[in-house]
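Structure first, then comments.
Where a number appears in this text, it was derived from the coordinates with a stated rule and is not lab data. Keep in mind that what you see is a predicted model, and the values were worked out from it rather than measured. FYI the Cβ positions are ideal-geometry reconstructions off the backbone, even for glycines, and counts take in every protein chain you see.
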Amino acid sequence: MRTVLITGTSAGFGLVAAVELAKRGWRVIATMRNLERKGALEAALAQAGAAHSVDVIQLDVTDAASITRGVADTLAITGGFLDAVVHNAGVAAGGAFEDIPDAELRRVMETNFFGVMALTRALLPTFRKQRSGRIVIISSESAFNGQPGNSIYVASKWAVEGWAESLAYDVDQFGIGVVLIEPGPYITDIWQASPRIAPSGSVYRRWSENVFRAGDAHVAAKGRDPQEVAVKIANVLEARRPRFRNPVHRLAHFTHFARGKIPSRWLRRFVETYLGLRRVRL
Ligand SMILES: NC(=O)c1ccc[n+]([C@@H]2O[C@H](COP(=O)([O-])OP(=O)(O)OC[C@H]3O[C@@H](n4cnc5c(N)ncnc54)[C@H](OP(=O)(O)O)[C@@H]3O)[C@@H](O)[C@H]2O)c1
């Protein structure tokens, strides 16, 4: 039975990916930082008749002790072997850069970037010893181009992609593969769960509020079913030689194509016009 550890399975892509992989016969170690939130996953697994293939364990990607314990628990369940990890846990914080407190900047980087590196470091000895392993990272189309009101999230995804593309050189010699999944907008909790920072008195307040409004309208119009991403994750895990980059969603394919081909200034004009931001200036 193939084995996979997934982070952030209490909701969103992580939850549906755990169910999809369990249905396909994988042994899934579904991790989450707060086990009190496991109800939705358990209900989805029960409905799919796949609960017997899944172990739910605690793992907070920003907590070193939790990572050590989570990896030890995982290897105890799988008998010391692991085929793959899916780095899915992620957070965001919206607003103009100048308004975002340092603690928020660090929280996003700790989760989306340092968390991915820390868990990878904890798993590499196992992957190297078995001379196999697949490291799948849920990045984003935000890794392709800058976005208004989303600078720290975009930075975290650019960072993780640069690191992943370089890591692939190190680990290829041990039979370990690195793969990015880059979704466009999907309907999950992340949009409402992320803080929107536009303090009263900020010179950016009107602009930021307009960005939030436009962003919500964009997701409502273009957001798709996260199950598409779950299927992509499972396909990438099961492919013999998956591509390194995997945009998912029509818009992600477009922004991937646009990167480096359309001058930044033109792209910015296009995005500002599309979101209606050019009407609201300070
Ligand atoms: N939704 C989209 O349109 C979209 C598009 C592109 C990329 N993504 C990426 O997809 C991934 C999943 O996002 P989603 O949309 O499914 O969001 P979501 O529904 O908000 O789920 C995020 C998951 O990450 C978990 N998490 C947050 N901090 C964590 C930590 N420190 N340790 C462990 N787990 C943690 C959350 O756990 P709690 O329940 O405890 O908060 C939750 O299970 C993220 O990396 C995100 O950047 C999303």
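If you take every residue apart from Thr111 with its C-beta less than 14 Å away from the C-beta of Thr111, what net charge results, scoring Lys and Arg +1 and Asp and Glu -1? So the surrounding residues net to 0.
Karplus-based coupling profile of region 37-46, in residue order and whole Hz: 9, 7, x, 5, 5, 4, 5, 5, 5, 5, with θ = phi - 60° in 6.51 cos²θ - 1.76 cosθ + 1.60 and x standing for Gly or Pro.
Restricting everything to alpha-carbon atoms, can you work out Rg to Rh for region 188-278 with a Kirkwood hydrodynamic radius?
Values: Rg = 16.8 Å, Rh = 15.9 Å.
Value, to two decimals: 1.05.
Counted over region 37-142 with a bin width of 5 Å, the fraction of Cα pairs per bin, in whole percents, is 2, 10, 17, 19, 19, 15, 10, 5, 3, 1. Orientation-averaged projection of the chain equals 14.9 nm² [convex hull of Cα atoms, one quarter of hull surface area]. Counting other Cβ atoms within 10 Å as a rough exposure proxy, the listed residues Met32, Met109, Met1, Met117 run Met1, Met117, Met109, Met32 from fewest neighbours to most. In this Cβ point-charge picture (+1 for Lys and Arg, -1 for Asp and Glu), region 81-186 has a dipole of about 560 debye about its Cα centre. Exposure proxy ranking for Leu15, Leu41, based on other Cβ atoms within 10 angstrom of each Cβ and starting from the fewest, stands as Leu41, Leu15. Over 26 Å between Cα atoms: which of Lys38/Lys232; Lys157/Lys232; Lys38/Lys129; Lys23/Lys222 fall into that group? In this structure, Lys38/Lys129; Lys23/Lys222 lie more than 26 Å apart at Cα.
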